[in-house]
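The values are calculated or read from the model by the stated rules, or taken from the named source; none is laboratory data. Keep in mind the model is a prediction, meaning the values are calculated, not measured. In this analysis, Cβ positions are derived from the backbone assuming ideal geometry, glycine residues included, and neighbour counts consider all displayed protein chains. Note: accessible area is taken over every heavy atom of the protein model, side chains too, but ligands, DNA and RNA are not part of it. Shrake-Rupley method; radii C 1.70, N 1.55, O 1.52, S 1.80 Å.
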Amino acid sequence: MSTAGPPGVASRGATAIEADPLVVMAKPVGPLCNLDCRYCYYLDKTGLFARGERYRMSDAVLEAYVREFIAASPGPTVHFVWHGGEPTLAGRELYRRALDYQARYLPQGWRAVNNLQTNGTLLDDRWCSFLAANEFSVGLSLDGPAALHDAGRPDRRGRPSHERALRGLELLRSHGIEPDVLCTLNAATATAPLGVYRFFLDAGVRWLQFLPVVRRTGDGAVTAESVPAEAMGEFLCTIFDEWVRNDVDRIGIQNFLECLLVAGGISPNLCVMAETCGRVPAVEHDGSVYSCDHFVDAEHRLGNLTATGLLGLVDSAEQESFGAAKLDLLAPGCRACPVLRYCNGGCPKDRFLVPPPVDRAERGVASGSIPHGGTEVGLNYLCAGYRRFYGHVHPYAQRMALHVRSGRPIATIMGELAAREREERARWSHASRNEACPCGSGRKYKHCCLGARRR
């Protein structure tokens, strides 16, 4: 991730990927965290390890990971992503050793860039000096205004964390690091789209990503913290309408800019929007490699990189099958969906809704399933929100993609929309009762929209 201002259409987030990509979520302290976020999907991963586990990446595993990741990367830039849990709990010394190993194993002419995804509450001047001196980019988790943030992100003693996270933001800036901000879109934040958005504008945030929270209980129900699909769609549409008219050149919002890539015929950076997945595995503190950060479980454990090379695990038949399943196991009806090229069915972890019945003769199978080893295929829980958001954004994204192809700034759209809306207001303000209605219906204004506009 860069620390520059918002780019034109490129992604900067920790999960952004490149051509022939390999991005690894390295977890040097596993699921350990000083916060106890209500919606966190990773804290319970302690169940994968024995009682008394220290949750610290050993020097042997760290060296093996750095060496193997460099060997598996296409280069010449190798993107290291340090994740968690809370990766600052590993201490600065671990990252100093990582930098030493990077220098040792990088081929001539190659370089490593490092990203740290943190909640910001443990940052101090020493941490920020270290990160700045070694050109780390930083992703900061922050859920908007204090009331919303603290409702979902208390520390392990139940205390609010918003003030400490903001202090981390300011400390980073004082050392020349402008962090990318990740805001979860959960049941609470979804209720206040403009309040959340304006908080980040007032805070001077330059790059922002909204991450929908979808969690399930042991019996398969959706947790109270999860965002309702329709609320997600309305939240993103509301903010997009504000952003596209006023702030395109002020703040980069990854959820929106990824749509420009798709509209321009370019593959999205975010794995959740990609046609297939499987190139963003997770490496736990003990060297275990899992198919994905959201699939860290016994079923999706590929092996250990200290015993088997990382590339061999990522290119294994099991991982290739996992990645291809995103496309192969699309729910019935997805392939004809008008926004499929934007969502590609969404993250497989969220495909648990029972799909609507389909025509048996057309599909050649029972309703709600497709021929893939007898597997029942679910519709993505967020489908209604995806349809609402991507359907709304599509015409704007097409226009902005055209500006990019023509060498114009994407912010050009703000002037176009302002001019169009001035013309629209003028048409309505000068409309006569007996003239054709400005809405284009062909009926007289008095028999069409006049009454509605007076109410």
Item to complete: Enumerate the pairs (first residue in the range 316-335 and within 15 Å of C347 (Cα to Cα); second residue anywhere and open to solvent by less than 50 Å² (accessible area, probe 1.4 Å) and small (G, A, S)) with beta-carbon separation below 6 Å, excluding pairs fewer than 6 apart on the same chain, so at least 6 apart or on different chains.
Response: F322/G278; F322/S291; G323/G278; L330/G345; C334/G345
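Quick check on this structure: which one of A16, A4, A10, A26 is open to solvent by less than 30 Å² (accessible area, probe 1.4 Å) and at pLDDT below 95? Write out each step before concluding.
Values: A4 fails: open to solvent by less than 30 Å² (accessible area, probe 1.4 Å); A10 fails: open to solvent by less than 30 Å² (accessible area, probe 1.4 Å); A26 fails: at pLDDT below 95.
Checking each option against the conditions leaves just A16.
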Response to the item:
When every residue in the range 236-271 that is at pLDDT 95 or above and either basic (K, R) or touching a Cys at 6+ places or on another chain (Cβ under 7 Å) (or both) is compared, the one most open to solvent (accessible area, probe 1.4 Å) is R250
Worksheet entry | When residues of the range 140-177 are limited to those that are basic (K, R) and open to solvent by 40 Å² or more (accessible area, probe 1.4 Å), the one farthest from L43 (Cα to Cα) | R173
Worksheet item: Within the range 279-287, is there a residue that is of a type outside the set (D, E) and open to solvent by 30 Å² or more (accessible area, probe 1.4 Å)?
Response: yes
Fill in: Filter pass, A436 being of a type in the set (G, A, S), surrounded by 14 or more Cβ atoms within 10 Å (Cβ to Cβ), modelled with pLDDT of 80 or more and over 30 Å from P268 (Cα atoms)
yes
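So which residues in the range 44-63 are under 14 Å from P28 (Cα atoms), part of a helix (DSSP H, G or I) and either among the charged types (D, E, K, R) or open to solvent by less than 50 Å² (accessible area, probe 1.4 Å) (or both)? Lay out the reasoning, then the answer.
Step one: filter the range 44-63 for residues under 14 Å from P28 (Cα atoms), giving 45-46, 53-63.
Next cut, part of a helix (DSSP H, G or I) only: 45-46, 59-63.
K45, D59, V61, L62, E63, listed by residue number.
Going through the range 375-418 one residue at a time, which ones are in contact with a helix residue (DSSP H, G or I) (Cβ under 8 Å, 6 or more places away or on another chain), of a type in the set (G, A, S) and open to solvent by less than 20 Å² (accessible area, probe 1.4 Å)?
Of the range 375-418, the ones in contact with a helix residue (DSSP H, G or I) (Cβ under 8 Å, 6 or more places away or on another chain) are 379-390, 392-394, 396-401, 403-404, 409-410, 412-414, 416-418.
Filter once more, so that each one left must be of a type in the set (G, A, S): 384-385, 397, 401, 418.
Correct list: G385, A397, A401.
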Worksheet item: What do you reckon, is G233 over 26 Å from L89 (Cβ atoms), surrounded by fewer than 14 Cβ atoms within 10 Å (Cβ to Cβ) and touching a residue at least 60 places away in the same chain (Cβ under 8 Å)?
Response: no
Worksheet item: Name the residues in the range 124-143 that are in a helix (DSSP H, G or I) and touching a residue at least 24 places away in the same chain (Cβ under 8 Å), would you?
Response: D125, R126, W127, C128, S129, F130, L131, A132
Practice prompt. Starting from residues that are closer than 21 Å to G30 by Cβ and aromatic (F, W, Y), keep the ones in the range 64-107 and report whichever is most open to solvent (accessible area, probe 1.4 Å).
Written response: Y101
Response to the item:
Filtering the range 115-135 down to residues that are open to solvent by less than 10 Å² (accessible area, probe 1.4 Å) and of a type outside the set (G, A, S) yields N115, L116, T118, N119, L123, C128, L131
Worksheet item: G195: small (G, A, S), assigned to a loop (DSSP other than H, G, I, E, B), modelled with pLDDT of 95 or more and more than 30 Å from A72 (Cα to Cα), yes or no?
Response: no
Item to complete: Under 8 Å between Cβ atoms, at least 6 apart or on separate chains: pull out the pairs that start in the range 432-452 with a residue that is free of Cβ contacts under 8 Å to residues at least 60 places away in the same chain and more than 23 Å from R420 (Cβ to Cβ) and end on any residue that is open to solvent by less than 60 Å² (accessible area, probe 1.4 Å) and outside any loop (DSSP other than H, G, I, E, B).
Response: R433/Y445; R433/L450; N434/Y445
Item to complete: Tell me, please, whether a residue that is within 22 Å of Q254 (Cβ to Cβ), within 24 Å of the chain's Cα centre (by Cα) and in a helix (DSSP H, G or I) can be found in the range 101-123.
Response: no
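Restrict the check to the range 213-227 and report whether at least one residue is open to solvent by 40 Å² or more (accessible area, probe 1.4 Å), at positive phi and modelled with pLDDT of 95 or more.
Step one: list which residues in the range 213-227 are open to solvent by 40 Å² or more (accessible area, probe 1.4 Å), which gives 215-219, 221-222, 224-225.
This time we only want the ones that are at positive phi, so: none.
Checking the range 213-227: not a single residue is open to solvent by 40 Å² or more (accessible area, probe 1.4 Å), at positive phi and modelled with pLDDT of 95 or more.
Here is a yes/no grid of residues against (1) closer than 29 Å to I70 by Cα; (2) without any contact (Cβ under 8 Å) to a residue 24 or more places away in the chain:
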{"residue": "T238", "(1), (2)": "no, no"}
{"residue": "D247", "(1), (2)": "no, no"}
{"residue": "P281", "(1), (2)": "yes, no"}
{"residue": "R301", "(1), (2)": "yes, yes"}
Discussion item. For the range 78-111, which positions are in contact (Cβ under 8 Å) with a residue 60 or more places away in the chain and of a type in the set (A, V, I, L, M, F, W, C)?
Written reply: V81, L89, A90, L94
Worksheet item: Taking the range 289-308 only, how many residues are of a type outside the set (D, E) and either in a loop (DSSP other than H, G, I, E, B) or buried (at least 23 other Cβ atoms within 10 Å of the Cβ) (or both)?
Response: 11
